[in-house]
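Data first, discussion second: the structure below is written as structure tokens.
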Amino acid sequence: RSAIPVVWHVIYSSKTVAGGYISNSAVKKSISALNAHYKGSGFGFKLKQIKRKKNTNWFKKMKGQPSDSYMVAMKNALHTGGANTLNVYTVDFVDNMLGWGTYPWAYKSYPKQDGVVIQYNTYPGGSLKNYNQGKILTHEVGHWIRINC
């Protein structure tokens, strides 16, 4: 099986974990968990790049809705690669959403909106109790690859 390349966008308001500045290690643990969760499915993931962007509005004011103006602006500015590249964005949703993933059929109409946005502290060992095993990412990626529609 070939691995799906992943571009991880760390969106943050300050260079602290509470400000969204998660470590490279946290990102790598998330990719490891994702691969463990999809073991045997035929899907695999390989971290291609970690990008960091300081933008307090994107980090703190985003709603978990595809029409949210902050989400649209963020993805338009940062989306990397084509339909075969998984873009992951970490933010602190204002509406208690844990994640949002696009479906494959939306790519043709909205290619820059493609990808997965997750609550920044849901990585394995993150600070969001009961949601810190990387399973939010796994669930949202399931939408992206059309497993759990």
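The values are calculated or read from the model by the stated rules, or taken from the named source; none is laboratory data. The structure presented is a predicted model; accordingly, all values stated were derived computationally and were not measured. Every residue, glycine among them, receives a Cβ derived from its backbone with ideal geometry; neighbour counts consider all protein chains shown. Just the protein is used for accessible areas: all its heavy atoms, side chains included, with ligands, DNA and RNA removed. Shrake-Rupley method; radii C 1.70, N 1.55, O 1.52, S 1.80 Å.
Close contacts from the range 1-13, counting a first residue that is polar (S, T, N, Q) and modelled with pLDDT of 95 or more and a second that is part of a strand (DSSP E or B) and buried (at least 19 other Cβ atoms within 10 Å of the Cβ), with Cβ to Cβ under 9 Å and a gap of 6+ residues or different chains, come to 13/20.
If the condition is being within 18 Å of residue 96 (Cα to Cα) and either open to solvent by less than 40 Å² (accessible area, probe 1.4 Å) or under 14 Å from the mean Cα position of the chain (by Cα) (or both), then the range 50-62 contributes 58, 59, 62. Being open to solvent by less than 70 Å² (accessible area, probe 1.4 Å) and over 14 Å from residue 137 (Cα atoms) is the filter; apply it to the range 17-41 and report the residue that is farthest from the chain's Cα centre (by Cα). By that ranking, first place goes to 41.
Take residue 77 and tell me if it is closer than 20 Å to residue 126 by Cβ and of a type outside the set (Phe, Trp, Tyr). Spelling it out, it is not the case that residue 77 is closer than 20 Å to residue 126 by Cβ and of a type outside the set (Phe, Trp, Tyr). Within the range 71-86, does at least one residue satisfy the condition of being within 17 Å of residue 146 (Cβ to Cβ) and surrounded by 15 or more Cβ atoms within 10 Å (Cβ to Cβ)? Among the residues of the range 71-86, at least one is within 17 Å of residue 146 (Cβ to Cβ) and surrounded by 15 or more Cβ atoms within 10 Å (Cβ to Cβ), which makes the answer yes. Pairs linking a residue in the range 91-110 that is surrounded by fewer than 17 Cβ atoms within 10 Å (Cβ to Cβ) to a residue that is at pLDDT below 85 and part of a loop (DSSP other than H, G, I, E, B), with Cβ atoms under 7 Å and 6 or more positions apart or on different chains, are 95/64; 103/146; 103/149; 104/146.
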